Amino acid sequence: MDPSDAELVRRARNGEKEAFEGIVRRHGPAMYRFGLRMLRDEHAVRDCVQDAFVSAWQAIEGFRGESAVKTWLFSILANKIRRHLRTQGRTVATELEESELRSPAQHEPERRALAGTMMAELEQALAELPLAQRACWILYEVEGLSYRRIADIEGMTVDAVRGAIYRARQGLERRLDAWR
């Protein structure tokens, strides 16, 4: 039986690197997917995710458990992504290979539904959304997080998250209207 996140954090606080590696294995793929959809640059995503995990390791002692480990990690990553975008002048890659966006098996219906040209259109439409709307939409629709957890990650109120997701949906619907 896999240990809980709380158990892994407790062990990591005691200096057990293997426990932190368990946290990385458990949450790394979702963080990578989120980063890739936000930045659309594989190398920048790897750097941001790695930096997020380094920061988490360095701050593990201060993690009080008031939020889920996943929420804490995603908030660190979201800050790394924002910092990267500020320093890079919001330049993002324009092309993504479909294989780079493959989700794990539990997301297979999503992958099939968004295959091919529609996937490219969706990715382009997402790239055109304001950063907060894109982040909220991805965290909700792709990663399945609650409004409360997204609010914690993004440093927003629940109502602001709800509004950002609504506006993101409206923008995506307008852009993808031909696919209806």
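Details
- The distance linking the range 47-69 with the range 130-180 is 24 Å (Cα centroid to Cα centroid, whole angstrom).
- Net lengthening on full extension, residue 88/residue 68 (0.36 nm per residue, minus Cα-Cα): 4.2 nm
- Net charge of Cβ neighbours under 14 Å - reference residue 153; Lys, Arg +1; Asp, Glu -1: +2
- When the GluC sites (Glu not before Pro) in the range 6-75 are filtered for DSSP coil states and for at most 12 other beta-carbon atoms within 10 Å of their beta-carbon, the remaining sites are 66.
- Once the Cα-Cα distance is subtracted from the 0.36 nm per residue extended length, the residue 1 to residue 169 segment shows a gain of 56.6 nm.
- When all alpha carbon pairs of the range 1-54 are counted in 5 Å bins from zero, the resulting P(r) reads 4, 21, 26, 18, 14, 11, 6, 0 %.
Bear in mind that the values in this text are calculations on the coordinates, not laboratory data. All of these numbers come straight from a predicted model, not from anything done at the bench. Cβ: placed from backbone, ideal geometry, glycine included. Neighbour counts: every protein chain shown.
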